[in-house]
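Any read-out appearing in this document is the output of simple, stated calculations on the displayed coordinates, not a laboratory observation. Treat the numbers as computed from the prediction; the structure is a model and nothing was measured. Cβ atoms come from the backbone with ideal geometry, glycine included; neighbour counts cover every protein chain shown.
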Amino acid sequence: MPEIKRSLAVVIGINAYSNGIQRLETAVNDAEKLAKILKEKYQYEVLLLLDEHASAADRFVRRFDAEHTAFI
């Protein structure tokens with residue numbers, strides 16, 4: 001089995017959805033805590049996307065068509 005040389009994580013926390021979902025209380029806080037644990041305890045490189053930044057990433061991915069793929 002090959003050695004893992006780099007660990008990456010995308011952590012997403014959205015409290016404020018724009019599509020009528022009631023505002024959440026802890027999603028952003030939970031995402032921040034998880035990102036901190038991954039960085040400090042496990043040396044992950046973390047991309048943390050919160051609220052409007054996470055929603056912008058979703059809009060970017062939805063622009064892909066059948067000839068392209070995206071994994072989140």
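Table for the structure above
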item	result
Pair list, Cβ under 7 Å, 6 or more apart: region 45-57 residue on the phi > 0 side of the Ramachandran plot, other residue surrounded by fewer than 18 Cβ atoms within 10 Å (Cβ to Cβ) and aliphatic (A, V, I, L, M)	Asp51/Ala16
Complete set of residues in region 23-51 that are in a helix (DSSP H, G or I) and touching a helix residue (DSSP H, G or I) at 6+ places or on another chain (Cβ under 7 Å)	Val28, Asp51
